[in-house]
1. Within the chain, which is the longest segment that contains none of the trypsin sites (Lys or Arg not before Pro) sitting in a DSSP loop with at most 16 other Cβ atoms within 10 Å?
2. Per DSSP helix of 4 or more residues, -39500 (n - 2.57); summed, then divided by the residues of the chain. What does that give at 222 nm, rounded to the nearest 500?
3. Rounded to the nearest percent, how much of the accessible area of the chain (1.4 Å probe, protein heavy atoms only) is carbon and sulfur?
4. Using only the alpha-carbon atoms, how far is helix 10-29 inclined from the longest principal axis of the chain? Give it as 0 to 90 degrees, nearest 10.
5. What translational diffusion coefficient, to the nearest whole µm²/s, does the range 57-106 have by Stokes-Einstein, given a Kirkwood radius computed over alpha-carbon pairs, a temperature of 4 °C and 1.567 mPa s viscosity?
6. What is the Cα convex hull volume of the chain when expressed per residue in Å³?
7. Please give the helix 132-146 orientation as an angle from the longest Cα principal axis of the chain, in degrees from 0 to 90, rounded to the nearest 10.
8. At 1.4 Å probe size, what's the solvent-accessible area of residue 113? Round to the nearest 10 Å².
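The values are calculated or read from the model by the stated rules, or taken from the named source; none is laboratory data. Small disclaimer: the values here were computed from a predicted structure and weren't measured. Here the Cβ positions follow ideal geometry from the backbone for every residue, glycine too, while neighbour counts run over all protein chains shown. Note: accessible area is taken over every heavy atom of the protein model, side chains too, but ligands, DNA and RNA are not part of it. Shrake-Rupley method; radii C 1.70, N 1.55, O 1.52, S 1.80 Å.
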Amino acid sequence: MSKVAPGPTPGFLVWRLANRWRVAVDRALAPLGLTHAQYSLVASLYGMQRTGERPSQRQLADHTGLEALYVSKLARALESAGLVGRTRDPRDPRAVRLALTEQGQTVTRQAVDVVQELLQRLLDPLGGLDAPRTRAFTDELTALLGAPLTPFVPNDENTQGATP
């Protein structure tokens, strides 16, 4: 039997921090008409376009870690707002290519500035955005995100006695 550590678990703390930061980004971006999820999409798209890419919704989903169906929903909303253009890929009629419109580029540049300033404030306890503690924190998060997740299946003979 494993001992339960006193205090919050790392998973709980990551969840709390992610929710807290999402709410902060949502509030900071509200004047620009964006949510945190929409920002994740347009900022990623902006970066990809700057390197000459015009990604499909699937490629953008893989890049952001968002579900493809959710990226599709976000892209439609951003298209309705005039920020993103969606076109069918002539080589694959099932694929939809995305690009920021001129207005989308302008709004995204503003949003990136807002989020960079917010990140600086959120990371002040670690010394700020460029601090060694922030780089170490980023390295630790990157290691956790890079670890493969094997699904936990209750009552599976391979997971008997294991804890999720």
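1. Longest site-free region, per DSSP loop and neighbour criteria: 4-90.
2. Taken over the chain, the calculation gives -18500 deg cm²/dmol.
3. After summing per-atom areas, the C and S share lands at 56 percent.
4. Tilt relative to the chain: about 20 degrees.
5. 117 µm²/s
6. That works out to 165 Å³ per residue.
7. 90 degrees
8. Estimated to the nearest 10 Å², residue 113 gives 110 Å².
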